[in-house]
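Scroll down for the structure; my scribbles are underneath it.
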Amino acid sequence: MTAQPTKRIVVKVGSSLVTNNGDGLDRAAIEQWAEQVATLLKAGHQLLMVSSGAIAEGMQRLAWRERPTAIHQLQAAAAVGQMGLVQMYESSFARFNLQSAQVLLTNADLDHPERRANAKATLDTLLGLGVVPVINENDTVVTDEIKFGDNDHLAALVVNLIHADLLIILTDQGGLFTADPRQDQAATLVTEASAGDPLLEKMAGGVGSAISKGGMLTKILAAKTAAQTGASTVIASGHEPQVLNQIVAGLPIGTLIKAAG
Ligand code: GLU
C-alpha cells in the first residue's frame, strides 16, 4: 500500500472508544487524536470528526448504571452527554491551538435538498477556516443511530456530502477479522478488501457469524456507502499509537476497504 494523496478525511470514533467502555470520557485518548489531527492539518489535510459517546457520557452524568431501553430516555441521556462530549473535544483541540465546532445532523437533513446544501456550505466553510467540525447525530429529533449504527452510517453520509477522500473508522478492535477472533482462533485480520464485496458483510455479521452483532456490519456498510463517492475506508483500532498519522502515511494498519477505481 502506498501513501495516498488524501485531502479530506472523516474520522469516526465510536462510543466505547471515546468513553473507555462506558467508564467516562477518555481525555487521554481524545487528546491523542487531537494531536494527530493537528499534525495532519499542518500537512495540508482537512479533517472532520464524527463522534458518538453522548449517550454513554449522559448515562455517567445521570448516574444510570444500565443503558435504558426507552428511546426518550436514551435521547435525554444524549442531550446531557453531548455537553460533556463537546467540552472534551473543544478543550482537547484547544491544547493544540485548534478551533473546533459542534455540528448536529440527521440522515433526513442530508436527504433534504436545502438542508443538505446548508450543511455542505457550513462544513466547507469550517474546513476552509481550518476549524475541526465535531459531528454527532441530533439525537433529540431522530433515533436512527441510537437504534442501529452508532454513527457509522452518518459518517459515510458526511463523506458523500463533502466528497471526502477517506473515511477512517476507529474502533476498539484491530479491524475486520475473517471470523470472530474471540470465538475462532483461526480468525485473521482482513488487511485489504474491495468495498461492496458481499463476503465482507458475511464476515462482519452475516447470520451466525457476527463479530460484534451489527458493530462491524454497520462499518462495512458504511464503507460501501463511502465508496459511492469514491472514498476508501480504513477500520482500525483507536488504541493504536499514532493511528491516524500511520493511516494517512499509507502504512498497513487495520482493514483497508478500497473504493473501486
Ligand atoms: N448519537 C449517539 C451518541 O452519540 C449514538 C450512540 C449510541 O446509540 O450509543 O451517543
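Screening 8, 27, 67 for residues that are among the charged types (D, E, K, R), surrounded by fewer than 16 Cβ atoms within 10 Å (Cβ to Cβ) and over 15 Å from residue 239 (Cβ atoms) leaves exactly one candidate, 67. Considering (1) out of contact with any Gly (no Cβ under 6 Å at 6 or more places or on another chain); (2) free of Cβ contacts under 8 Å to residues at least 60 places away in the same chain; (3) buried (at least 20 other Cβ atoms within 10 Å of the Cβ); (4) within 29 Å of residue 192 (Cα to Cα), the lone condition that residue 51 does not fulfil carries the number (2). So, in region 81-90, how many residues would count as being of a type in the set (S, T, N, Q) and either at pLDDT below 95 or away from the ligand (no atom under 11 Å from the Cβ) (or both)? Residues in region 81-90 being of a type in the set (S, T, N, Q) and either at pLDDT below 95 or away from the ligand (no atom under 11 Å from the Cβ) (or both): 1 in total. Being in contact with a Phe, Trp or Tyr (Cβ under 6 Å, 6 or more places away or on another chain) and assigned to a strand (DSSP E or B) is a condition met by no residue of region 137-153. Scanning region 106-138 for residues that are within 16 Å of the ligand (Cβ to nearest atom) and closer than 26 Å to residue 44 by Cβ turns up 133, 134, 135. Beta carbons closer than 6 Å, at least 6 apart along the sequence or on distinct chains, pair a first residue in region 65-80 that is within 12 Å of the ligand (Cβ to nearest atom) with a second that is modelled with pLDDT under 95 and among the acidic types (Asp, Glu) for 75/139; 78/139. Tell me which residues, restricted to region 145-160, are more than 9 Å from the ligand (Cβ to nearest atom) and either more than 9 Å from the chain's Cα centre (by Cα) or surrounded by fewer than 22 Cβ atoms within 10 Å (Cβ to Cβ) (or both). Selection gives 153, 157, 158, 159, 160.
Taken together, the criteria place residue 235 among residues that are buried (at least 24 other Cβ atoms within 10 Å of the Cβ) and within 14 Å of the chain's Cα centre (by Cα). Residues that are of a type in the set (S, T, N, Q), in a strand (DSSP E or B) and more than 10 Å from the ligand (Cβ to nearest atom) within region 6-57 comprise just one, 46.
The single residue among 94, 117, 121 that is under 24 Å from residue 56 (Cβ atoms), without any contact (Cβ under 8 Å) to a residue 12 or more places away in the chain and out of contact with any Leu (no Cβ under 6 Å at 6 or more places or on another chain) turns out to be 94.
Taken over region 175-191, the criterion of being in a loop (DSSP other than H, G, I, E, B) and without any contact (Cβ under 8 Å) to a residue 40 or more places away in the chain is satisfied by 178, 179, 180, 181, 182, 183, 184, 185, 186, 187, 188.
Only one of the numbered conditions (1) within 16 Å of the ligand (Cβ to nearest atom); (2) over 15 Å from the mean Cα position of the chain (by Cα); (3) crowded, with 22+ Cβ neighbours inside 10 Å is violated by residue 93, and that is (1).
The values are calculated or read from the model by the stated rules, or taken from the named source; none is laboratory data. Keep in mind that what you see is a predicted model, and the values were worked out from it rather than measured. Note: ideal-geometry Cβ built from the backbone for every residue, glycine included; neighbour counts use all protein chains shown.
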